[in-house]
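Report on the structure given below.
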Amino acid sequence: MHPTPTELALGQGYFFVCAAMAVAGALFTVSAKNPIRGAMGLLMMILAIAGIYLALHAQFLAAIQLIVYAGAIVVLFLFVIMLLGPSATPPSDKRGQVVRTIGAGLFGLAGLGAMSLLVRSAPPIVKGKMLPEAPADFGSIDSFGQVLFSHGLVPFELSSLLLMVAIVGAVAVARGRAKHEGPQAASAEKADAEAGS
């Protein structure tokens, strides 16, 4: 059963609202000076992406988006923000502003290039022709698992390896700092004790 023009218009409106919310949340996340407001912008972007997944009939991905990202990652960010202090803001000096501006410009150009490649590689849209209907199990856990562990097995394993390398690197950096800061902290405590006596 094909959707009516009213249903098509409502679907397009829903998609554009979710897409606008996602872009607004992403821009608010990177531009907010208050870290808590930045985390709320990230939460809005995650909720909008979950809405787009629902529009694509990918209910499992929408649920994972809400459970993992909105329910765990944003909460983890908020815990870190509360440990640092909600009023913690980056220094207002001008050091590195040119490098950050160049990096932002290159990142924006790369994003525009990726979007142009997607538009060029997309098949042409024929007016009056409906898209083929998705299979009955599209978006279910079974179909997602079959794709993930067959065609997407190598990227899935590489992403887990990348996360493991990041964790090992963070532990190595933290241990290296502790070794270098240990003697300095001990000598500072000794100097304070001698000054007090």
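In this rough spin-label picture, where each label sits 7 Å from Cα along the Cβ direction, the residue 78-residue 8 distance is 4.2 nm.
Below 8 Å between Cα atoms, with a sequence gap of 6+, how large is the relative contact order for the stretch 30-78 in percent? Once divided by the residue count of the stretch 30-78, the mean separation gives 39 percent. Placing a label point 7 Å from the Cα of residue 140 along the Cα-to-Cβ direction, the residues of the stretch 35-75 whose backbone N falls under 16 Å from that point are 57-61. Relative protection proxy for 50-63, 102-115, 140-153, from highest mean packing down: 50-63, 140-153, 102-115 (other beta-carbon atoms within 10 angstrom). At an R0 of 35 angstrom, the distance between the Cβ atoms of residue 147 and residue 104 translates into a FRET efficiency of 0.50.
Evaluate E = 1/(1 + (r/R0)^6) for residue 59 and residue 27, where r is the Cβ-Cβ distance and R0 equals 22 Å; express this FRET efficiency to the nearest 0.05. With a Förster radius of 22 Å, E is 0.20.
The numbers here are math on the coordinates, done by the rules we state, and not lab data. None of these values were measured; they are calculated from a predicted model. Quick reminder, even Gly has a Cβ in these numbers, built from the backbone with ideal geometry, and neighbours come from all protein chains shown.
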